[in-house]
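What follows is a single structure, written as structure tokens, with notes after it.
The values are calculated or read from the model by the stated rules, or taken from the named source; none is laboratory data. Keep in mind that this is a model prediction, so the values were computed, not measured. With ideal geometry, Cβ positions are generated from the backbone for all residues, glycine too; neighbour counts draw on all protein chains shown. Note: accessible area is taken over every heavy atom of the protein model, side chains too, but ligands, DNA and RNA are not part of it. Shrake-Rupley method; radii C 1.70, N 1.55, O 1.52, S 1.80 Å.
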Amino acid sequence: MSDFESQEIEYSFVLPDIAGRAGESRVRKIGVDTIPPVIESFDYSINGKKVTLTIQADEENLGKIEYIDNMETNPKYKNLCTSLTFGFCEKTKIFKTGHHDIDIRAVDEAGNTAMVIEGLEFDIF
């Protein structure tokens, strides 16, 4: 698919049954995106229990930027941003008292993923 990067392609499906008859879907168009988001910068600051995360990314089709706290009992990815403002995602989150180990990733609409940061560790007092 990389040969078609940033182009629009058409596709359809033909499904035959055991009697030899076939049904065909309508033709659909889809844009090709095989390149993961480009992370240009990352910064964070801590003020008490508030952690402000600032990510600069270059992605025309951003789906989301999300984080996971690996120190939670049942870690799950949570959304930080679903769009960029002038190329930036800036969000303040409140963390519980204790040690935190977070990973942040950017995911575009095609499912391509780029790790922003892995293993960011900090303590909240």
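Worth pointing out:
- Residue that is surrounded by the most Cβ atoms within 10 Å (Cβ to Cβ) [pool: residues in region 86-125 that are more than 19 Å from Gln56 (Cβ to Cβ) and among the hydrophobic types (A, V, I, L, M, F, W, C)]: Phe95
- Region 1-46 - residue that is open to solvent by less than 60 Å² (accessible area, probe 1.4 Å) and of a type in the set (Val, Ile, Thr) and, of those, farthest from Asp103 (Cα to Cα): Ile9
- Listed by position, the strands (runs of 3 or more DSSP E) enclosed by region 1-88 that each have at least 3 residues that are not aliphatic (A, V, I, L, M) are 8-11, 28-31, 38-47, 50-58, 62-69, 78-81.
- Of the listed requirements (1) open to solvent by 30 Å² or more (accessible area, probe 1.4 Å); (2) in contact (Cβ under 8 Å) with a residue 12 or more places away in the chain, Ile68 misses just one: (1).
- On inspection, Lys78 does not qualify as at pLDDT 95 or above, among the basic types (Lys, Arg) and over 19 Å from the mean Cα position of the chain (by Cα).
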